[in-house]
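The values are calculated or read from the model by the stated rules, or taken from the named source; none is laboratory data. In this text the structure is predicted, and so the values were computed from the model without any measurement. No Cβ is skipped: glycine too gets one built from the backbone with ideal geometry, and neighbour counts run over all protein chains shown. Heavy atoms of the whole protein, side chains included, go into the accessibility calculation; ligands, DNA and RNA do not. Shrake-Rupley method; radii C 1.70, N 1.55, O 1.52, S 1.80 Å.
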Amino acid sequence: MIVGVHTPEFAFEAVPSNVRAAIGRLGVRYPVALDPKYGTWDHWGNQYWPAKYLIDADGQVRYIHFGEGEYETTERAIRQLLAEA
């Protein structure tokens with residue numbers, strides 16, 4: 001399952017209708033939570049954007065990547081977790 005979390009940097013990015021429009025424009029097909037108070041961001045101790053966290057079926061964090069790139073490595077990690085599930 002993929003869940004996106006949008007933590008806005010600017011005020012206009014915290015407006016739900018703006019986020020909904022951007023999700024539609026970008027063709028995002030997975031659910032996206034809006035985190036304007038940085039609850040999720042802070043819980044994970046996040047400091048970078050974008051950030052990817054892969055969590056296995058037991059709730060264990062198995063992969064973290066900050067920033068752009070490493071797409072092939074991320075893909076391999078996703079495939080490994082799917083194979084285990």
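Heavy-atom accessible surface of the chain, averaged per residue, reaches 79 Å², computed with a 1.4 Å probe. When exposed loop sites are taken as trypsin sites (Lys or Arg not before Pro) in a DSSP loop with at most 13 other Cβ atoms within 10 Å, the longest stretch of the chain clear of them is 38-85.
Each principal axis of the Cα cloud of the chain was evaluated for its coordinate range; sorted largest first, these ranges are 39, 28, 25 Å. The C-alpha atoms of the chain define a longest principal axis, and helix 71-84 lies at about 60 degrees to it.
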